[in-house]
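Enquirer: Quick one: the structure is below, and I'll ask about it shortly.
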Amino acid sequence: MTHEREHDDVRRGWFTEILTSALNDLAHAERVITSYAAQNPDGFIAWGMAEGEAVQAHQALRQAPSLHTATPTDYTAVNATADALYELTRKISQSLVRAAELASDPDDKMACLQAALHAGRLREALR
């Protein structure tokens, strides 16, 4: 019994860590994309799809019942490149799929999978 309980605790810890990291990364991507869009007269045309998917992914993940956190405010850098955002969304997608595999709550699993879907679309929009 104790071994199984320890396994569940470790699994919950990894799950929470992955979700928190993905939420922080999505918030960062959303802010950077919004900043890029605001810098150019046609920025919202060029970055609109990417911004929409970043917002959707972030909102979808925030629906996970296991997340009881505010939007992170520690990301202030706006100098990331599109390549860095592209790589970040790849990492986010992988993390969300892994979190969905670890989730025991069906609503957590759904939130992760929906966020991964939007993160994948975000990545495509950044190409």
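Nothing in this text is a laboratory measurement; each read-out follows from the coordinates by a stated rule. Bear in mind that the values here come from a model prediction, so they are computed numbers and not experimental data. Cβ: placed from backbone, ideal geometry, glycine included. Neighbour counts: every protein chain shown.
Enquirer: Suppose each label sits 7 Å from its Cα in the direction of the beta carbon; what would the residue 67-residue 3 distance come out to in nanometres?
Expert: 3.5 nm
Enquirer: The stretch 86-105 to the stretch 1-38: how many Å between their Cα centroids?
Expert: Result: 8 Å between the Cα centres.
Enquirer: Using Cα atoms only, what is the angle between the long axis of helix 2-39 and the major principal axis of the chain, expressed in degrees (0 to 90) to the nearest 10?
Expert: Its long axis makes an angle of about 10 degrees.
Enquirer: Here's a follow-up. If I take every Cα pair under 8 Å that is 6 or more residues apart in the chain, average their sequence separation and divide by the length, what percent do I get for the relative contact order? Walk me through the intermediate numbers first.
Expert: Working: 150 pairs, mean separation 43.6, N = 127.
About 34 percent, as a whole number.
Enquirer: I've got another one for you. Using helices alone, I'd like the mean residue ellipticity at 222 nm for the chain: each DSSP H run of four-plus residues gives -39500 (n - 2.57), total over residue count, nearest 500. Each step should come with its number before you reach the end.
Expert: Numbers: 4 runs with 98 residues, N = 127.
When only DSSP H runs of four or more count, the value is -27500 deg cm²/dmol.
Enquirer: Here's a follow-up. With θ set to phi - 60°, apply the Karplus curve 6.51 cos²θ - 1.76 cosθ + 1.60 along the stretch 107-122 and write out the HN-Hα couplings as whole Hz, x wherever there is a Gly or Pro.
Expert: Ordered by residue, 3J(HN,Hα) equals 5, 4, 4, 5, 4, 5, 5, 5, 5, 5, 4, 5, 5, x, 5, 4 Hz.
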